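Reviewing the structure listed below.
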Amino acid sequence: MKVTQVSLRPTDAAQEAGRPALTPELLAAVGARYSRNNEGLEAILEKIDPENADASVERIFRFVDYGHASIADMAPVALFIDGISLYLAYYLWTLCPTAGGQESSTRYIRLNAEGLADPETLGIPENERAAWNAAMEEAFAAYQSAVTVWEEIVRADPDVARIPRSLREDPSEKSKKAVARMRRNYAFDRARYFLPVAATTNVMLVQSARAWVNVCQYLLSHPLREANLLGERLRDELALAAPNLLRHARPLESLQKGLAVEQLTVRKWAEDRLDGVLFGANADGLLLEVFLPPQTIDPLVTLSLAFHDNRYSYIGATLRRTAVRFGWNRIAFAEIRDLNRHRTGTKYCPLLPQGFYAALDELPSPDRAARIPVGVGVMATNRAHRLLTSGEATYIYHTLLGTEFPFEHTTTADKFIYEAELRTGVGAHYRYAGHLRDILALWYERFPATKGLILEGSAEPE
């Protein structure tokens, strides 16, 4: 695990134009000064000693005189995080959904056992490590077998991947590379369910120092060792960019107690073998609850989409004011990681194993099913469930991307529609496109006149 803080520098054009360049803390200090007088930017910059940025921060203001949170919000920090587990990357995004950033994708990159996280870093009990390593090797072997099967399928029949014939028949090098990428992605999309969540990935995020402090608080308060280590390394690197804003980057007793209660709740549900936790879901395990504004009639819902010609365009106030809760009792962690990254609202995912998905429903013929080692995933899921009921916090590292959990998202209707259009549109993963279509079907039952106004896509490859 490695964290690296990357500073921004002015462009050549900005330097030629004589524009100021400030450290993150100086930027925050200058912004904070605006709230206490109206002297303007140039007068504030005159107080800065370009040879001593830290002293200039103190000269502009005393931190005790200003609110910590508002100052830290104005200090942007970019951190690159190498070698954390797929699970911890997911958890990191739950803590900062509005950050800008990227993550190495299991949809586009072939992974192997060399990328497995170290069991000591994860906190796997020493007496369990040999068995855990053997299970992880078995999972990676299943992944490689699944990749081989799916590559054979798309090689024999490119139509299953819906690769346009015009592209396949184009002799240009660009088209050949595009076809190869689509074939590769088709196989990775369907094989990735056997990848352990303990496989490592890389994440970069850009957000304010305030947001990073909040992340550190959660990570340092978390029961998992890997989370604690990441919190420490984030704090060390954050100190390079905003040393004066770090006094709150520490474990908090309230978070420690709250996270422990959440874990105990999931354990109790596991002991009771509760079939999902999305109370109010229908017989298919789907949940959609819509809370319209007072005195709203259905024509106002339809009118809100009258000028909606792409997913970024106008949606009316009625839908912007409408609260929506939607979810699934069982959805693979591979898709949860993607759906979790939507910026709006609140996501809820109690990590209670519910089953295992292996893309067998995608096989064009049943003869290859025997070569997809679905039993590996089922055993991993059952093993995780047993460890959860025994109170072992590291049970999550025994799961695979195909392990299914409940997942719920609470947001507003305009953001729900955007997500549905995005996740069924060009380049969308087949599995979450199907999940969103299922929820849209429930929406159309409630608001039939909106069918055709919501720009539901067909998830064609790109």
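Would you calculate the convex hull of the Cα atoms in the chain and tell me its volume per residue in Å³?
It is 200 Å³ per residue.
Which residues in region 105-123 place their backbone N less than 19 Å from a point set 7 Å from the Cα of Asn202 along the Cα-to-Cβ direction?
Hits in region 105-123 for Asn202 at 19 Å: 105-118.
Measuring with a 1.4 Å probe in the full set of protein chains, what accessible area per residue, in whole Å², belongs to the chain?
On the way: 21510 Å² over 462 residues.
Normalised by residue count, the accessible surface of the chain is 47 Å².
Share of region 346-462's accessible area from carbon and sulfur, percent, 1.4 Å?
Answer for region 346-462: carbon and sulfur cover 55 percent of the accessible area.
Run the helix sum for the chain: -39,500 (n - 2.57) per DSSP H stretch of 4+ residues, divided by residue count, reported at 222 nm to the nearest 500 deg cm²/dmol.
Details: 19 runs with 207 residues, N = 462.
Value at 222 nm, helices only: -13500 deg cm²/dmol.
Relative to the present Cα-Cα distance, how much length would full extension add between Ala43 and Glu114 at 0.36 nm per residue of separation?
That pair, Ala43 and Glu114, stretches by 20.0 nm at full extension.
Starting from region 125-194, pick out the chymotrypsin sites (Phe, Trp or Tyr not before Pro) whose DSSP state is loop and whose Cβ has at most 11 other Cβ atoms within 10 Å.
none
Give, rounded to the nearest 20 debye, the magnitude of the charge dipole that region 93-142 has about its Cα centre when Lys and Arg contribute +1 at Cβ and Asp and Glu contribute -1 at Cβ.
The calculation lands at about 320 debye.
If a/c stays under 1.5 just call it rounded; otherwise compare a/b with b/c (prolate if a/b is bigger, oblate if not). Do that for region 214-280, with a ≥ b ≥ c from the square roots of the Cα gyration tensor eigenvalues.
On the way: a/c = 3.18, a/b = 3.01, b/c = 1.06.
It is prolate, given that a/c is not under 1.5 and a/b is the larger ratio.
Roughly how many nanometres apart are two label points built 7 Å out from the Cα toward the Cβ at Ser458 and Ala317?
Taking the two extended label points, one gets 3.9 nm.
Quote the FRET efficiency, to the nearest 0.05, computed for Glu128 versus Arg19 with a Förster distance R0 of 51 Å and r equal to the Cβ-Cβ distance.
It comes out at approximately 0.35.
Counting other Cβ atoms within 10 Å, which GluC sites (Glu not before Pro) in region 161-239 have at most 12 and lie in a DSSP loop?
Glu169
So for the chain, averaging the separation of alpha carbon pairs under 8 Å that are six or more residues apart and normalising by length, what relative contact order in percent results?
This gives 18 percent for the chain.
Could you tell me the number of lysine pairs in the chain with C-alpha atoms less than 28 Å from each other, where the two lysines are 8 or more residues apart or belong to different chains? All intermediate terms of the calculation are to be shown ahead of the outcome.
On the way: Lys2/Lys347; Lys257/Lys268; Lys257/Lys347; Lys268/Lys347; Lys347/Lys415; Lys347/Lys451; Lys415/Lys451.
Lysine pairs, 8 or more places apart or on different chains, close enough: 7.
Cα centroids of region 81-115 and region 324-343: how far apart, whole angstrom?
16 Å
So what's the angle, to the nearest 10 degrees on a 0 to 90 scale, between helix 253-271 and the longest Cα principal axis of the chain?
Approximately 10 degrees, to the nearest 10.
State whether region 314-451 is rounded, prolate or oblate according to the following rule on the C-alpha gyration tensor (a ≥ b ≥ c being the square roots of its eigenvalues): a/c under 1.5 gives rounded; otherwise a/b larger than b/c gives prolate, and the remaining case gives oblate.
oblate
Report, to the nearest whole %, how much of the accessible area of region 96-183 belongs to carbon and sulfur atoms, 1.4 Å probe, protein only.
Roughly 48 percent of what the probe reaches on region 96-183 is carbon or sulfur.
What residues qualify as long-range amide H neighbours of Asn202, i.e. H under 5 Å apart, gap of 5 or more or another chain, H built at 1.01 Å from N?
Gly83, Ser104
Please give the contour-minus-distance gain from Ser365 to Thr296: 0.36 nm per residue of separation, less the Cα-Cα distance, rounded to one decimal in nm.
Separation in residues times 0.36 nm, less the Cα-Cα distance, equals 19.9 nm.
Which angle between 0 and 90 degrees, to the nearest 10, do you get for helix 24-33 versus the longest principal axis of the chain when only C-alpha atoms count?
The answer is roughly 60 degrees.
List, in order, the whole-Hz ³J(HN,Hα) value for each residue of region 167-184 obtained from phi through the Karplus relation with A = 6.51, B = -1.76, C = 1.60 and θ = phi - 60°; use x for Gly and Pro.
6, 5, 8, 6, x, 5, 5, 4, 5, 4, 5, 5, 5, 4, 5, 5, 5, 4
If you wrap a convex hull around the Cα atoms of region 88-229, how much volume per residue is inside, in Å³? Don't jump to the answer; show the numbers that get you there.
Working: hull volume 18.2 nm³, N = 142.
Taking the convex hull of the Cα positions in region 88-229, it is 128 Å³ per residue.
Can you tell me the 0 to 90 degree angle between the C-alpha axis of helix 209-221 and the longest principal axis of the chain, rounded to 10?
Helix 209-221 sits roughly 60 degrees off the main axis of the chain.
Can you pull out the trypsin sites (Lys or Arg not before Pro) in region 177-268 whose DSSP state is coil and whose Cβ has at most 12 other Cβ atoms within 10 Å?
The qualifying sites are Arg247.
The values are calculated or read from the model by the stated rules, or taken from the named source; none is laboratory data. Bear in mind that the values here come from a model prediction, so they are computed numbers and not experimental data. Virtual Cβ from ideal backbone geometry, glycine too; neighbours counted across all protein chains shown. Calculation scope for accessible area: heavy atoms of the full protein, side chains included, ligands and nucleic acids excluded. Shrake-Rupley method; radii C 1.70, N 1.55, O 1.52, S 1.80 Å.
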